[in-house]
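The values are calculated or read from the model by the stated rules, or taken from the named source; none is laboratory data. Keep in mind it's a predicted model, so treat the numbers as computed, not measured. Using ideal geometry, Cβ is built from the backbone for each residue, glycine included, and neighbour counts are taken over all protein chains shown.
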Amino acid sequence: MARKLFVGGLPYRTTNDELRDAFAQAGEVVSASIVTDRETGRSRGFGFVEMGDADADGAISMWNGKEFGGRMLTVSDARPKT
């Protein structure tokens, strides 16, 4: 079963592929997407990564509070949209 992770603090120039590659270091990535502004198409500085349960735990411990592209990442389980 895949778990969705919230990834905050991303550099605005980060691409979906760069996000996928970074999290692939912790295990198999099912999907990776960066949230963009609807009007401008620019990154909003956060995204979501979907991974298997065991890999997701490893990714959280590997990336939460770590520097990526000059910014500190916040990685946690994604909360459902309200």
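Taking Ala22, is it outside any strand (DSSP E or B) and modelled with pLDDT under 95?
Considered against the rule, which asks whether it is outside any strand (DSSP E or B) and modelled with pLDDT under 95, Ala22 comes out as no.
Return a yes/no flag: does the stretch 45-52 have any residue that is at pLDDT below 95, in a strand (DSSP E or B) and either surrounded by 14 or more Cβ atoms within 10 Å (Cβ to Cβ) or in contact with a Leu (Cβ under 8 Å, 6 or more places away or on another chain) (or both).
Checked the stretch 45-52: at least one residue is at pLDDT below 95, in a strand (DSSP E or B) and either surrounded by 14 or more Cβ atoms within 10 Å (Cβ to Cβ) or in contact with a Leu (Cβ under 8 Å, 6 or more places away or on another chain) (or both).
Working only within the stretch 62-73, note down all residues that are touching a residue at least 24 places away in the same chain (Cβ under 8 Å), surrounded by fewer than 14 Cβ atoms within 10 Å (Cβ to Cβ) and over 16 Å from Thr15 (Cα atoms).
Met72
Going by what's in this entry, would Gly65 be described as in contact with a Leu (Cβ under 9 Å, 6 or more places away or on another chain), part of a loop (DSSP other than H, G, I, E, B) and over 17 Å from Asp21 (Cβ atoms)?
yes
So how many residues does the stretch 3-28 have that are surrounded by 19 or more Cβ atoms within 10 Å (Cβ to Cβ) and free of Cβ contacts under 8 Å to residues at least 24 places away in the same chain?
Result for the stretch 3-28: 0.
For the stretch 1-16, which positions are part of a loop (DSSP other than H, G, I, E, B), farther than 12 Å from Ser43 by Cβ and modelled with pLDDT of 95 or more?
Correct list: empty.
Which condition from (1) touching a residue at least 24 places away in the same chain (Cβ under 8 Å); (2) out of contact with any helix residue (DSSP H, G or I) (no Cβ under 7 Å at 6 or more places or on another chain); (3) assigned to a loop (DSSP other than H, G, I, E, B); (4) not charged (D, E, K, R) is the one that Gly41 breaks?
If we test Gly41 against (1) touching a residue at least 24 places away in the same chain (Cβ under 8 Å); (2) out of contact with any helix residue (DSSP H, G or I) (no Cβ under 7 Å at 6 or more places or on another chain); (3) assigned to a loop (DSSP other than H, G, I, E, B); (4) not charged (D, E, K, R), just (1) comes out false.
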